[in-house]
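Working notes, structure below.
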Amino acid sequence: MEFIISESIRAHPLALLHPEKVSDPQVRAELAELTRNYPDGEHFFVERLSEGIGTIAARLAEAGRRSHVGLQVERVREPLG
C-alpha cells in the first residue's frame, strides 16, 4: 500500500482529505492539480488506491494461473505406472 501511495497517489492522505490545512501554496496547487478530475481528495485517494490494489491483484492472479498450469504440465509428463 505504501508503494501505491508514493508512486501513484503521490500525496499524503491527510493532505488530500484536508488541503485547506496545507500551509504551502505551491503544495496546495499541486494537490489541486492531482485531484482536478475528482470531486475531492478523498475520492481521488480511494479510486487511485483501488486501481493500484486491483492492478497488483490481477498480476498476482495471472502469475498464479501460470504456475498452476506449469504444475499440471509437469504432472502429465510423469511416467505412468
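Every number in this text was worked out from the coordinates using simple rules, so none of it is lab data. This structure is a prediction, so every number in the text was calculated from the model and none was measured. Neighbour counts run over all protein chains shown; Cβ positions are idealised from the backbone, glycine included.
Of the peptides 45-53, 6-14, 21-29, the order by per-residue mean of other Cβ atoms within 10 Å, starting with the highest, comes out as 45-53, 6-14, 21-29.
Taking other residues whose beta carbon is less than 12 angstrom from the beta carbon of PHE44, and scoring Lys, Arg as +1 and Asp, Glu as -1, yields -2. Under the shape rule built on the C-alpha gyration tensor, where the axes satisfy a ≥ b ≥ c, the range 1-72 is prolate, since a/c reaches at least 1.5 and a/b is greater than b/c.
Can you compute the FRET efficiency between ASP40 and ILE4 using 1/(1 + (r/R0)^6), with r the Cβ-Cβ distance and R0 = 30 Å? Round to the nearest 0.05. After rounding, the FRET efficiency stands at 0.95.
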